[in-house]
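Following: one structure in C-alpha cells, then a few remarks.
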Amino acid sequence: MNANPQEQHYETIHDAYAAHYYDHASNDYRRRFVMAPLLHGLDLNNCTVAELACGDGHNSVLLKEIFPSVRTEGFDLSPKACRQYELNTGLPAHKLDLTASAELESRFDAAFIIGGLHHCVADLPATLRNTAALLKPGAKFLMYEPSANFMLEPLRKAWYRADKYFDVETERALDHAELVAAADGRFKVERVFYIGGPAYFMILNSLVTRIPIKWKNGLAKPLDGDEAVWNKLPGRFACPVFGANRTRL
C-alpha cells in the first residue's frame, strides 16, 4: 500500500505547525472560539473520547480542563505527533491513517477532530467508516473544519496551490453536505454552525498568514471582540469554518 502523502507532509512541517497553532494566543482562541461552541450543551465527564488527527494533544488538554473526568486517547497519522501527544497528555496515542482500511474496536463514547478531516479527502468515505467503527452506538462525533462555502473559497484554493504548508493534492476545504453523503447513513446530524472571523486567520492560522508569533498576544485582545461579533453573522458564506455535532447510529 502506498504511504499517505499527508504523513510525510505533516512530519516535515510539524515543528513550525506546533509553534504557531499551540502557542498561548492560539490556545486561548481555541478555548473560546472552537471548543466552547463545539461542546455547547454536552457533558463529556466520565466519557472515553478519541481525538482524531490529534497532533500534539493540546486539544485533549483543553477538553480535560473543561471536563476533568474525561478520558482521552489520541490517533494521528504522524508518529512524531503521537509521541508528543503522549508527552503532553500522559495518555496513549496510536498511529492511524483514517483513509486506509483498519480493524477498529467500537469503544469510545465520543470522538472529536479539529481541522483534520480536510486532510483526509483522499478517501472521505473510508475516513468516516473508520470513525464510526471507533464509536459506540449513540456516541457523539464532533468536528471543526474549513468550509468550502466560504465566500473567499476561490482565494483559499489559490493559496493552497501556492503555499508550502499545504499539500493541495490531499487536502481542501469541505462542504458539510459532502460529509453527510460520504458517511452513508452512519451518523445523525444534530447541529451545524458556521463561524470564523479576522482572528481565525490572524491568530489561529498565523502560520499560513505569516503573522509572527511575538505579535499574536498583542493582536488577540482587540481581535477577540471582532471575532465574537463576526460569529453571530447569519448564514454560511461569511464564515471560513464550520462545526458539527453528530450522533453515531
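The values are calculated or read from the model by the stated rules, or taken from the named source; none is laboratory data. As the structure is a prediction and not an experimental result, all values here were calculated from the model. Glycine also receives a Cβ, built like all others from the backbone with ideal geometry; neighbour counts cover every protein chain displayed. Keep in mind that these areas ignore ligands, DNA and RNA; they rest on the heavy atoms of the full protein, side chains included. Shrake-Rupley method; radii C 1.70, N 1.55, O 1.52, S 1.80 Å.
Observations, loosely collected:
- Cα-based reach from LYS221 at 19 Å (exclusive), listing aspartates and glutamates while leaving out same-chain residues under 8 positions away: ASP23, ASP28
- Calculated FRET efficiency for the pair SER101/ARG161, C-beta based, R₀ 22 Å, to 0.05: 0.15
- Each Lys and Arg contributes +1 and each Asp and Glu -1, all at the Cβ; summed about the Cα centre of the stretch 74-176, the dipole is approximately 140 debye.
- Over the chain, relative contact order from alpha-carbon pairs under 8 Å, at least 6 apart, %: 21 percent
- Neighbour cut-off at most 11 other Cβ (10 Å), DSSP loop, GluC sites (Glu not before Pro), the stretch 73-149: GLU103, GLU105
- Subtracting the Cα-Cα distance of ARG210 and ASP15 from their residue separation scaled by 0.36 nm leaves 68.7 nm.
- Convex hull of alpha carbon positions in the stretch 1-105: directionally averaged projected area 7.3 nm².
- Taking label points 7 Å from Cα along the Cα-to-Cβ direction, GLU190 and LEU42 give a separation of 0.7 nm.
- GNM flexibility winner over the chain from LEU223, LEU124, LEU134 (Cα, springs under 10 Å): LEU223
- Straight-distance candidates among the aspartates and glutamates for linking to LYS164, with alpha-carbon spacing under 15 Å and chain neighbours fewer than 8 residues away dropped: GLU7, GLU11, ASP15.
- Charge dipole of the stretch 4-87 (Cα centre as origin; +1 on each Lys and Arg Cβ, -1 on each Asp and Glu Cβ, all else neutral): 220 debye, rounded to the nearest 20.
- Gain on full stretching of the segment that runs from PHE237 to ASP175 - 0.36 nm per residue minus C-alpha separation: 21.2 nm
- In the chain, helical runs assigned H by DSSP with n ≥ 4 each contribute -39500 (n - 2.57); averaged across all residues and rounded to the nearest 500, the mean residue ellipticity at 222 nm is -11000 deg cm²/dmol.
- Sulfur and carbon atoms: percent of accessible area, the stretch 155-217 [1.4 Å]: 57 percent
- Each residue was assigned an accessible area with a 1.4 Å probe, and for MET151 the value is about 110 Å².
- Across LYS140/LYS232; LYS80/LYS232; LYS136/LYS157; LYS80/LYS214, pairs whose alpha-carbon gap is larger than 29 Å: LYS80/LYS232; LYS136/LYS157
- Dipole magnitude of the stretch 195-235 about its Cα centre (Cβ charges: Lys, Arg +1; Asp, Glu -1), debye to nearest 20: 160 debye
- The structure shown yields percent of Cα pairs over 27 Å apart, and of the options (i) 43; (ii) 31; (iii) 37 that calculated value carries the label (ii).
- Listed residues THR209, THR170, THR72, most fluctuating in the chain (Gaussian network, C-alpha, under 10 Å): THR209
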